[in-house]
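These notes concern the structure reproduced below.
Just so it is clear, none of the values below were taken in a lab; they were calculated from the coordinates. Just so it is clear, the model here is predicted, and its values are computed rather than measured. No Cβ is skipped: glycine too gets one built from the backbone with ideal geometry, and neighbour counts run over all protein chains shown.
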Amino acid sequence: MNGTCTAADAVYAYNLNGNCYLNLTNRCSLRCRFCPKFNGQWDVRGYGLRLHGEPDVDTLMSEVENQPEACDEVVFCGLGEPTLRLGTVLETGRRLRERGYRVRLNTDGLSNYVYGRDLLPRLAESVDAISVSLNAQTAAVYAVNCRPKTPDAYAAVLDFLYRAPDVVPDVTATAVAGLPGVDMDACAEIADKIGVGFRRRELGHVG
Ligand code: SF4
């Protein structure tokens with residue numbers, strides 16, 4: 001394990017496949033059925049991701065800089081939705097980019113919906129790439145697997161995906177293979193129509 005622990009059981013940064021992943025919150029706007037944490041599993045690929053506090057910007061910067069392995073990309077990921085810590089994402093991403101890191105945000109795509117305004121222009125100043133969990137080809141399938149609090153969440157994710165490429169050069173939609181009702185080809189087709197990339201993810205794999 002290459003994760004760095006700064007409090008008991010808390011891994012704030014960990015290396016997977018040459019990338020440095022930042023675990024900055026366990027809070028989420030969704031309650032996905034397939035999420036490890038909602039199935040009592042906080043260890044993901046050997047890293048204990050349960051947090052007992054949320055790291056600040058300085059802590060995250062020092063975690064990245066003290067990683068034992070070089071990283072190609074720093075990824076806001078976590079076992080939670082990074083944009084629920086919007087100020088921390090914006091400031092950490094900006095500082096990382098100033099130091100020459102490529103930065104990616106893994107997100108549920110609901111930040112505009114949650115905050116009630118278009119945050120993409122601000123996010124574009126702090127990240128080079130955005131990976132959005134699409135996870136379904138219809139709102140009904142999304143509701144079954146991701147359990148959003150409101151039925152219009154899926155439309156909000158699509159809206160986020162439509163807007164993102166205007167300001168962020170590298171945008172990818174993802175879907176998890178093997179979830180009930182999820183048609184991977186249909187998800188890929190939606191991404192293609194929107195004009196963003198598509199990546200298939202495997203159940204239980206963070207990244
Ligand atoms: S968005 Fe990610 S972290 Fe949040 S509930 Fe869904 S799978 Fe879990």
Would you mind listing the helices (runs of 4 or more DSSP H) fully within segment 90-176 where at least 1 residues are out of contact with any helix residue (DSSP H, G or I) (no Cβ under 8 Å at 6 or more places or on another chain) and touching a residue at least 24 places away in the same chain (Cβ under 8 Å)? 120-123, 139-146
Hey, any hits in segment 55-71 for a residue that's touching a residue at least 60 places away in the same chain (Cβ under 8 Å) and among the β-branched types (V, I, T)? no
Total residues in segment 62-76, condition more than 15 Å from N23 (Cβ to Cβ) and surrounded by 18 or more Cβ atoms within 10 Å (Cβ to Cβ): 0
Evaluate the following for L79: is it under 12 Å from the mean Cα position of the chain (by Cα) and crowded, with 21+ Cβ neighbours inside 10 Å? yes
So which residues in segment 72-89 are within 16 Å of the ligand (Cβ to nearest atom) and free of Cβ contacts under 8 Å to residues at least 60 places away in the same chain, if there are any at all? F76, G78, G80, E81, T83, L84, L86
Specify which of the listed residues (R50, R27, R99) is of a type in the set (D, E, K, R) and within 22 Å of V132 (Cβ to Cβ). R27
Flag for R102 being over 22 Å from L30 (Cα atoms) and basic (K, R): yes
